[in-house]
Amino acid sequence: MTDAPYIRPDMKAFLDMMAQVNGPKIVDMTLEEARASYQALHNLADRPARQLPVIRDLVCPGPADDIPLRLYDARESREGPTPVITFYHGGGFVIGDLDTHHALCTEIAALADLPLVAVHYARAPEAPFPAAIRDCEAATRWVASSPTELGLTASGIVTIGDSAGGNATVVVSQLLGANPAAVPVVLQVPIFPLVADANGSASMAQFSEGFVLTAETMAFFDAAYAADRSDPRGFPILSDHSDAPPTIVVTASLDPIRDSGRAYARALVDAGRDCVFLEMRGVTHSFVNLRQMVPSTQGDLERIVAAMRFMLGNPL
């Protein structure tokens, strides 16, 4: 019998509060209700958005329709080329959007002191796999080309995202590695990503219920997105990692898909790639969006961005 996992006091208080909420599960909601519930959770649990000099909505051409984007920058203007962060939101490729991750994007842009472009890809079930990935790739190539509408000259791309967005982070980096964009991916930062199939993993068994993300919710997302389990665009662990860009893999110790992120970090190390692995102990999936209700997670986000700044400032 294993010992009970370590849970931070503020994380436990949040989980206890959530356990008292007598509302429907995501799997029992309509799609509109599920999306509204996700936004409501972030409104409750995350810190308020920072006020930045630049927060501007944009669009870029996509493979099917125009792709909504949002540009964030802590500086009014920039001279000369700069790395640009492209952010892909979580939500199982089903329930997230630009607004659910607005506060987080303002924080990353401010802490990193870099421009950030958030991408709102087509969502399942209306647009199942690989529609989201095609949109993320197209948007990232558009940003890399330094279009006039962006008002920036990109020197490189930093891909970053949480959960489903962490999956997109890795997949887009792989696609741009195989078929280069105007500038390269100089860093990728998958945060509690689904990179490998989590079904049957030890973390899925241990944290399947009561730790924010549940196995039942994962199955709901999986059925809606319908990723091909043999396609690296769905499960990028299946791809070749020999040319992976410098990477910061972030996991949460109480996450049912924790072992997916661990497996990806291991694959990068085995391939001899430059990798920093950060596992935030005592917190759950979605911790970067719980910074108001679980105050210690603000420090976790600051650790992630500090690692980003170090990696960008000290390239191989």
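The values are calculated or read from the model by the stated rules, or taken from the named source; none is laboratory data. Computed from a prediction, not measured in an experiment: that's the story for all the values here. Cβ: placed from backbone, ideal geometry, glycine included. Neighbour counts: every protein chain shown.
What pairs can you find where one residue is in region 134-146 and surrounded by fewer than 21 Cβ atoms within 10 Å (Cβ to Cβ), the other is of a type in the set (D, E, K, R) and modelled with pLDDT of 95 or more, and their Cβ atoms are less than 9 Å apart, with a gap of 6+ or different chains?
Going by the 9 Å Cβ cut-off, the qualifying pairs are R134/R233.
From A263, A226, A244, which residue is within 15 Å of A164 (Cβ to Cβ) and either in contact with a His (Cβ under 7 Å, 6 or more places away or on another chain) or of a type in the set (A, V, I, L, M) (or both)?
Of the residues listed, the single one that is within 15 Å of A164 (Cβ to Cβ) and either in contact with a His (Cβ under 7 Å, 6 or more places away or on another chain) or of a type in the set (A, V, I, L, M) (or both) is A226.
If you take just the helices (runs of 4 or more DSSP H) that sit entirely in region 211-316, which of them hold at least 3 residues that are farther than 29 Å from P130 by Cβ and touching a residue at least 40 places away in the same chain (Cβ under 8 Å)? Reasoning before the result, please.
Values: elements: 215-225, 258-270, 296-313.
Qualifying helices (runs of 4 or more DSSP H): 296-313.
Within region 155-210, work out how many residues are assigned to a helix (DSSP H, G or I) and of a type outside the set (A, V, I, L, M).
Here the count works out to 9.
Among the residues of region 4-27, which ones are of a type in the set (D, E, K, R) and modelled with pLDDT under 95?
The initial filter retains those residues of region 4-27 that are of a type in the set (D, E, K, R), namely 8, 10, 12, 16, 25.
The answer is K25, and nothing else.
Would you say A178 is free of Cβ contacts under 8 Å to residues at least 60 places away in the same chain, more than 19 Å from the chain's Cα centre (by Cα) and at negative phi?
yes
Name the single residue that is farthest from H285 (Cα to Cα) among those in region 23-32 being assigned to a loop (DSSP other than H, G, I, E, B) and of a type outside the set (A, V, I, L, M).
By that ranking, first place goes to T30.
Could you please let me know if D66 is under 15 Å from the mean Cα position of the chain (by Cα), among the acidic types (D, E) and within 22 Å of A122 (Cα to Cα)?
Numbers: under 15 Å from the mean Cα position of the chain (by Cα): no; among the acidic types (D, E): yes; within 22 Å of A122 (Cα to Cα): yes.
So D66 fails the test.
Given the residues A202, A181, which is the only one that is farther than 29 Å from F310 by Cβ, aliphatic (A, V, I, L, M) and touching a helix residue (DSSP H, G or I) at 6+ places or on another chain (Cβ under 7 Å)?
Every option except A202 fails the conditions.
Residue check: is F207 within 26 Å of E32 (Cβ to Cβ), of a type in the set (F, W, Y), in contact (Cβ under 8 Å) with a residue 60 or more places away in the chain and buried (at least 20 other Cβ atoms within 10 Å of the Cβ)?
no
Does region 83-99 hold any residues that are closer than 22 Å to T30 by Cβ, surrounded by fewer than 22 Cβ atoms within 10 Å (Cβ to Cβ) and in contact with a Gly (Cβ under 8 Å, 6 or more places away or on another chain), and which are they?
Residue satisfying the conditions is D97 alone.
Consider only pairs whose beta carbons are under 6 Å apart and that are at least six residues apart or on different chains; among these, list those whose first residue lies in region 183-202 and is within 18 Å of T140 (Cα to Cα) and whose second residue is part of a loop (DSSP other than H, G, I, E, B).
Between residues of region 183-202 that are within 18 Å of T140 (Cα to Cα) and residues that are part of a loop (DSSP other than H, G, I, E, B), the close pairs are V185/P245; L187/P246; Q188/P245.
Going through region 217-275 one residue at a time, which ones are of a type in the set (G, A, S) and surrounded by fewer than 16 Cβ atoms within 10 Å (Cβ to Cβ)? Steps first, answer last, please.
Let us first name the residues in region 217-275 that are of a type in the set (G, A, S), namely 219, 223-224, 226-227, 230, 234, 239, 242, 244, 252-253, 260-261, 263, 265, 267, 271-272.
A219, A223, A226, S230, S242, A271, G272 - these are the residues of region 217-275 that are of a type in the set (G, A, S) and surrounded by fewer than 16 Cβ atoms within 10 Å (Cβ to Cβ).
List the number of the failed condition for L187; all other conditions in (1) farther than 23 Å from F287 by Cα; (2) crowded, with 21+ Cβ neighbours inside 10 Å hold.
For L187, the exception is condition (1).
E126 versus (1) within 26 Å of F220 (Cα to Cα); (2) touching a Lys or Arg at 6+ places or on another chain (Cβ under 9 Å): which is the lone unmet condition?
Status for E126: all satisfied but (2).
Would you mind finding the one in R70, R35 that is of a type in the set (K, R), surrounded by 17 or more Cβ atoms within 10 Å (Cβ to Cβ) and in a helix (DSSP H, G or I)?
Values: R70 fails: in a helix (DSSP H, G or I).
Checking each option against the conditions leaves just R35.
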